[in-house]
Amino acid sequence: MPASDPAELLSSLLKHAQSVGATEADAMMYEHTDITLARRMRQPETIERSESSALGLRVFSGHGQAVVS
């Protein structure tokens, strides 16, 4: 069951990591939207929109660690 709320998703990831043996874990998520407008001779020429998102998880188990992003 995918979580639609970012806080719920991160919480779920951390709980799962601990349930499979992680001694510590942290997670991060970001979303970014960028809009670019190019003009030529005072008129809009192109408008571009881009969106990106990222998720990272770091898990510690004893003295070892793993990172995924």
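Computed over the Cα atoms of the chain, pair by distinct pair, the Kirkwood hydrodynamic radius stands at 14.8 angstrom. Averaging sequence separations of C-alpha pairs under 8 Å and six or more residues apart, then dividing by the length of the chain, give the relative contact order as a whole percent. Reported relative contact order: 28 percent. List the residues of region 5-39 whose backbone N lies under 15 Å from a point placed 7 Å from the Cα of ALA54 along the Cα-to-Cβ direction. 27-34, by backbone N distance to the label point.
Calculate what fraction, in whole %, of the accessible area of the chain sits on carbon and sulfur atoms when a 1.4 Å probe is rolled over the protein chains. After summing per-atom areas, the C and S share lands at 53 percent.
Length gained on full extension, MET28 to VAL68: 13.3 nm, using 0.36 nm per residue less the C-alpha separation.
Taking Lys and Arg as +1 and Asp and Glu as -1, the other residues whose beta-carbon sits under 14 Å from that of GLU31 total -2. Probing with 1.4 Å while keeping every protein chain in the model, the per residue accessible area of the chain equals 86 Å². Between 0 and 90 degrees, the angle of helix 6-19 with respect to the longest Cα principal axis of the chain falls at about 30 degrees. GLU48 contributes an accessible area of around 110 Å² to the protein surface, as traced by a 1.4 Å probe with all chains present.
The values are calculated or read from the model by the stated rules, or taken from the named source; none is laboratory data. Remember, it's a predicted structure, so these values are computed and weren't measured experimentally. With ideal geometry, Cβ positions are generated from the backbone for all residues, glycine too; neighbour counts draw on all protein chains shown. Just the protein is used for accessible areas: all its heavy atoms, side chains included, with ligands, DNA and RNA removed. Shrake-Rupley method; radii C 1.70, N 1.55, O 1.52, S 1.80 Å.
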